[in-house]
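To keep things clear, I will list the structure first and then write my remarks on it.
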Amino acid sequence: LIGLGSAGTNIVEAFLKTKKTKDLISSDLTRLSLLAIDIADPEIRSLNETHEQFLKSMIKAGVPKERMRLIAESVKFPTAEAMFDFINQKYGEYVVSEGSKLEKYIPWLQSTMAVPPMAGGAGRRRALAKAIYALNYYQLGIIRNCINSFKEQALSSIVTPTVVLIYGLGGGTGSGVFFDFARHLRKVLGSGVPIIAFVITPCGGDDPPAKGCSAFVAMNELSLLLNKDQNEYVCKVYGDIYRNPLNALVYLPLLPAFSKVGNIVSARKEMDDMVVDLLYVLMDFDLADLLGGI
């Protein structure tokens with residue numbers, strides 16, 4: 001299970017808090033690999049605290065520690081100048097070395113851009129989140145190490161694991177880093193492991209930036225992956241590194257939860273619990289059959 005941004009990180013925490021997960025981990029067949037990446041600090045801090053409690057209960061129950069591994073990382077940049085320099089001068093070289101057919105690289109960030117305080121995340125700015133991800137993956141190597149550690153635990157399972165990747169469409173971090181993260185994850189896991197994405201879509205109760213142009217552009221970006229004809233065209237023109245890395249993507253609207261409770265904070269909490277229930281339902285199905293039927 002992988003959570004990107006605050007929405008994804010909160011769901012990883014909700015998964016750890018549920019009694020079902022304590023029961024699941026007591027089986028010697030279970031191997032859980034959890035990863036959360038965010039730019040904001042509070043959710044990662046809270047997840048780490050929940051993880052400490054979970055580990056204590058595992059030790060108390062005599063469950064071996066190697067059955068579960070959590071990697072929770074809050075990513076930043078050394079200085080704004082270092083990030084802008086990297087995006088302007090180095091990024092193009094890295095993606096070309098991965099197989100991109102970029103003929104002329106045009107940086108998407110200007111050094112005149114105001115950078116919000118990072119403790120609260122990317123401030124709904126997908127472009128900024130993408131830059132922070134790139135710096136932490138290529139130059140600092142932090143995210144690359146996270147993905148490799150996650151893979152080691154995931155592939156230690158005796159059955160083929162299923163990886164579920166969760167993020168919110170209306171934020172900056174999750175929707176900004178999702179595609180680059182998914183393609184890097186696919187490269188490391190190989191073609192035999194299913195990767196399924198759950199995307200939480202904003203509703204009327206969200207703040208204007210969350211339900212505005214950011215979410216719309218994120219959906220357009222997803223169509224370049226999920227629409228087979230569009231994805232074939234993108235790969236032909238720009239290189240195979242842009243091939244759709246997912247086996248399936250499921251949109252999960254926040255609206256039913258918001259309509260039920262009428263408060264956006266409570267709706268998100270309700271959504272976290274609903275997604276955890278959904279994950280447990282999925283465990284009882286042969287996913288290939290399920291997706292084949294769809």
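Calculate the dipole size of the chain relative to its Cα centre from +1 charges on Lys and Arg beta carbons and -1 charges on Asp and Glu beta carbons; express the result in debye to the nearest 20. Don't jump to the answer; show the numbers that get you there.
Details: 31 positive and 30 negative charges, 42 e Å.
Computed about the Cα centre, the dipole is about 200 debye.
I'd like the Kirkwood hydrodynamic radius of region 1-134, using the inverse of the mean 1/r over distinct C-alpha pairs, in Å.
Final number for the Kirkwood radius of region 1-134 is 17.1 Å.
Expressed in nm², what is the orientationally averaged projection area of the convex hull enclosing the Cα positions of region 1-74? Don't skip to the end; give the middle numbers.
Numbers: hull surface 16.7 nm².
So the mean shadow area of the Cα hull is 4.2 nm².
Give the long-range amide H neighbours of A72: residues separated by 5 or more places, or on another chain, with amide H under 5 Å away, using H modelled in the peptide plane at 1.01 Å from N.
A36
With every protein chain left in place and a probe of 1.4 Å, what is the accessible surface of K130, to the nearest 10 Å²?
The accessible area of K130 comes to roughly 60 Å².
Can you send over the carbon and sulfur percentage of the accessible area for the chain, probe radius 1.4 Å, protein chains only? Walk me through the numbers before you get to the answer.
Working: 7890 of 14220 Å².
That fraction is 55 percent.
Computed on alpha carbon atoms, what radius of gyration and Dmax characterise region 82-183, expressed in Å?
Calculated on Cα positions, Rg and Dmax stand at 15.3, 51 Å.
Going Cα to Cα from K22, which lysines come in below 18 Å? Please leave out same-chain ones fewer than 8 positions away.
K56, K60, K65
For semi-axes √(5λ) of the Cα gyration tensor in Å, which listed value, [x] 30, 22, 21; [y] 96, 30, 14; [z] 40, 26, 19, comes from the coordinates shown?
Checking each listed value against the structure points to [x].
For the chain, what is the accessible area per residue in Å², given a 1.4 Å probe and the full set of protein chains?
Per residue, the chain has an accessible area of 48 Å².
Between the DSSP loop rule and a limit of at most 13 other Cβ atoms within 10 Å, which chymotrypsin sites (Phe, Trp or Tyr not before Pro) in region 210-294 are left?
Within region 210-294, the qualifying chymotrypsin sites (Phe, Trp or Tyr not before Pro) (loop, at most 13 other Cβ atoms within 10 Å) are F285.
With the alpha-carbon atoms as the only input, what is the per residue convex hull volume for region 157-240 in Å³?
113
Just add up the charged neighbours of Y133: K/R +1, D/E -1, any other residue whose Cβ is under 12 Å from the Cβ of Y133.
So the environment of Y133 carries a net charge of +2.
Once R0 is set to 22 Å, what does the formula 1/(1 + (r/R0)^6) return for the Cβ-Cβ distance between F216 and E98, expressed as a FRET efficiency to the nearest 0.05?
For F216 and E98, the calculated efficiency is 0.20.
How big is the accessible area of D41 in square angstrom, nearest 10, if you roll a 1.4 angstrom probe over the protein chains?
40
Taking only the C-alpha atoms, wrap a convex hull around region 139-286 and report its volume per residue in Å³ as a whole number. Spell out each step's value before the answer.
On the way: hull volume 20.7 nm³, N = 148.
Measuring per residue, one finds 140 Å³ for the Cα hull of region 139-286.
Rounded to the nearest 0.05, what FRET efficiency is calculated for S266 and K76 with R0 set to 45 Å and r the Cβ-Cβ distance?
0.90
Near K187, which aspartates and glutamates are there with a Cα under 16 Å away, not counting those fewer than 8 places off in the same chain?
Straight-line reach from K187, under 16 Å: E98, E152, D240.
Quick check on my link table: of K20/K76; K19/K269; K130/K228, which ones sit more than 26 Å apart, alpha carbon to alpha carbon?
K20/K76
The values are calculated or read from the model by the stated rules, or taken from the named source; none is laboratory data. The structure presented is a predicted model; accordingly, all values stated were derived computationally and were not measured. As a convention, Cβ positions derive from the backbone with ideal geometry for all residues, glycine included, and neighbour counts pool all protein chains shown. Accessible surface is based on the protein model in full, side chains and every heavy atom, while ligands, DNA and RNA are left aside. Shrake-Rupley method; radii C 1.70, N 1.55, O 1.52, S 1.80 Å.
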